[in-house]
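Peer 1: One structure coming up, written as structure tokens, with questions to follow.
Readers should treat all values here as calculations from the given coordinates under stated rules, not as data from a laboratory. Note that the structure is predicted; figures quoted are calculated from it, not measured. Cβ atoms come from the backbone with ideal geometry, glycine included; neighbour counts cover every protein chain shown.
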Amino acid sequence: MRQQPLIVGAGPAGTAAAITLAHAGARPLVVERTRETGDALCGGFVSWRTIATLEQLGVDADALNPARITRARVFAGGRCGEAMLPRPALAVSRHRLDTVLQARAETLGARIERGVTVRAIDGHAVHTGDGATITADALLLASGKHDVRGLARPAEARGSDPTLGLRVRLAPSRGLRAAVGDAIELHLFNRGYCGIVLQEDGSANACMAVHRSRLRAAGSPDALLHELAAASPALADRLSGGWGVIDAVANVPYGWRTGDTTPGIFRLGDQAAVIPSLAGEGIGIALASGLSSAQAFLDMGPGGSPAWQRQFARAVAAPLRHAGLVWSLADRRWAAPVLPLLARVPGALAAVATVTRVPMLPPSRGLTPRRSARFCR
């Protein structure tokens with residue numbers, strides 16, 4: 001069958017694109033591999049810049065979480081540094097964020113089909129797990145960290161000691177709220193870090209980025225958590241309520257971005273650029289890419305994808321570079337203990353938080369519309 005446009009993935013990037021397209025009168029089809037909206041592995045930090053993007057999409061930030069994050073706290077080498085963020089941010093579970101965005105998209109007329117696993121993409125043909133083939137003039141790939149055969153990110157982007165994402169859920173408690181409060185916390189350790197922030201229900205995700213070599217040295221994710229808690233009283237306090245299932249995602253290619261694509265194929269979110277997670281801008285990149293790619297499609301049609309992809313790659317180059325520099329310092333045993341001291345320097349942490357944000361650029365800047373887009377009604 002033929003549908004224009006087709007979006008693969010109903011996470012923040014895919015739903016941002018669907019909202020933008022549907023608001024303009026298109027009827028995008030979104031295919032999503034999960035049957036129910038889960039709680040994807042994600043730190044859930046939403047910066048002030050991303051709150052502005054949500055407002056463009058017609059989503060009220062208070063519908064996600066009325067509480068605000070106003071401070072950042074950095075732990076390393078027995079030291080702690082704290083500073084105010086440039087502007088208030090918030091934290092939200094991916095279950096809540098995705099649910100709100102999907103509802104907004106469907107209200108505007110987007111169609112979301114669940115339980116559709118995309119096995120491979122060949123040109124503009126999408127082959128699903130049930131043997132069906134869907135073709136479209138425009139394909140917006142928003143599959144997140146999950147690669148699809150035919151458009152997979154290069155293996156060399158993972159590096160020689162790839163990073164894994166780990167997540168444990170921390171149940172709401174008075175102790176957790178008193179310890180974390182209105183801050184986002186970064187607990188740095190050798191070859192990794194753990195980020196903690198309270199979500200809309202008072203619970204928290206302890207999300208870790210860990211090099212494979214460190215996890216192998218510990219023996220298992222559970223053993224690593226016990227090891228980290230033994231070495232850091234602050235982290236031990238946050239984890240004192242225990243944890244259950246440890247979620248994981250392998251081989252996260254931090255720092256990767258693409259400026260290459262073919263006409264009709266837009267790569268969004270983690271398929272466009274992967275910022276080191278300690279920057280807290282993954283959701284920001286997802287939403288910005290979804291909104292701007294959809295508007296580029298509306299301006300120029302499917303043929304505008306190469307120009308948009310190059311433009312978006314340029315827009316995120318500086319935030320990725322700055323976040324990569326911070327990550328490289330946090331990753332070094334000798335440098336990490338200095339970062340809490342730097343966080344105490346007036347304006348230092350705010351400056352880092354500012355330069356790692358995705359800029360609010362007009363999505364069609366520098367691009368000349370070639371033709372009006374056509375939609376399937």
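Peer 1: Karplus couplings for the stretch 45-54 from phi (6.51 cos²θ - 1.76 cosθ + 1.60, θ = phi - 60°), rounded to Hz, Gly and Pro as x?
Peer 2: 7, 10, 6, 4, 5, 6, 4, 5, 5, 4
Peer 1: Would you calculate the separation in nanometres between label points at Ser240 and Thr262, each defined as 7 Å from the Cα along the Cα-to-beta-carbon direction?
Peer 2: It works out to 5.8 nm between the two label points.
Peer 1: What length, rounded to one decimal in nm, is gained on full extension from Arg111 through to Arg68, with 0.36 nm per residue of separation minus their alpha-carbon distance?
Peer 2: 12.3 nm is the gain from fully extending Arg111 to Arg68.
Peer 1: Now for a separate question. Got a sec? How would Trp243, Trp256, Trp334 order by Cβ neighbour count within 10 Å, fewest to most?
Peer 2: Numbers: Trp243 15, Trp256 19, Trp334 8.
Lowest to highest Cβ neighbour count: Trp334, Trp243, Trp256.
Peer 1: In angstroms, what radius of gyration and Dmax does the stretch 62-122 have, counting Cα atoms only?
Peer 2: According to the Cα coordinates of the stretch 62-122, Rg and Dmax are 18.8, 53 Å.
Peer 1: What angle do you read, to the nearest 10 degrees and between 0 and 90, between the alpha-carbon axis of helix 12-23 and the longest principal axis of the chain?
Peer 2: It is inclined by approximately 40 degrees.
Peer 1: Using alpha carbons only, how many degrees (0 to 90, rounded to 10) separate the axis of helix 221-231 from the longest principal axis of the chain?
Peer 2: Between helix and principal axis, roughly 40 degrees.
Peer 1: Turning to a different aspect of this structure: I want to check the label-to-label distance for Arg314 and Arg169. Put each point 7 Å from Cα in the C-beta direction and report it in nm to one decimal.
Peer 2: Modelled inter-label distance: 4.4 nm.
Peer 1: Go ahead and run the numbers for FRET between Glu36 and Thr135, Cβ-Cβ distance against an R0 of 35 Å, rounding to 0.05.
Peer 2: 0.80
Peer 1: Residue-wise, which Karplus ³J(HN,Hα) couplings in Hz belong to the stretch 107-122, taking 6.51 cos²θ - 1.76 cosθ + 1.60, θ = phi - 60°, and x for glycine or proline?
Peer 2: Using θ = phi - 60°, the values come out as 4, 7, x, 6, 10, 10, 9, 9, x, 10, 8, 8, 8, 7, 10, 10 Hz.
Peer 1: While we're here: Per residue of the stretch 159-169, what does 6.51 cos²θ - 1.76 cosθ + 1.60 with θ = phi - 60° give for ³J(HN,Hα)? Whole Hz please, x for Gly and Pro, Karplus curve as stated.
Peer 2: For the stretch 159-169, the Karplus-derived couplings read x, 6, 10, x, 9, 10, x, 10, 8, 10, 9 Hz, x marking Gly and Pro.
Peer 1: Arg333 versus Ala229, label points 7 Å from Cα toward the beta carbon: distance in nm?
Peer 2: 2.5 nm
Peer 1: Based solely on C-alpha atoms, express the radius of gyration and the Dmax of the stretch 1-99 in angstrom.
Peer 2: Calculated on Cα positions, Rg and Dmax stand at 16.9, 60 Å.
Peer 1: Under 10 Å from the Cβ of Pro253, count the other residues' Cβ atoms, weight Lys and Arg +1, Asp and Glu -1, and hand me the total. Working shown, then result.
Peer 2: Values: positive: Lys145, Arg153, Arg158, Arg257; negative: Asp147, Glu156, Asp270.
Net charge in that neighbourhood comes out at +1.
Peer 1: Still on this structure: When N counts the residues of the chain, how does its alpha-carbon radius of gyration compare numerically with 2.2 N^0.38 Å, as a ratio? If you can, show how the numbers build up before the last one.
Peer 2: Numbers: Rg = 20.3 Å, N = 377, 2.2 N^0.38 = 21.0 Å.
That ratio works out to 0.97.
Peer 1: Please give the contour-minus-distance gain from Arg87 to Glu55: 0.36 nm per residue of separation, less the Cα-Cα distance, rounded to one decimal in nm. Intermediate values should be presented prior to the final figure.
Peer 2: On the way: separation 32, 0.36 × 32 = 11.52 nm, distance 1.57 nm.
Length gained, Arg87 through Glu55: 10.0 nm.
Peer 1: Specify which residue in the list Ser93, Ala83, Ala152 is farthest towards the positive end of the charge dipole of the stretch 83-158, using unit charges on the beta carbon of Lys, Arg (+1) and Asp, Glu (-1), about the Cα centre.
Peer 2: Ala83
Peer 1: To continue, here is another question. Quick check: the angle from helix 305-330's long axis to the longest principal axis of the chain, C-alpha only, nearest 10 degrees?
Peer 2: The angle comes out near 10 degrees.
Peer 1: Report the Cα centroid-to-centroid distance between the stretch 133-164 and the stretch 104-129 in angstrom, as an integer.
Peer 2: Measuring centre to centre over Cα atoms gives 15 Å.
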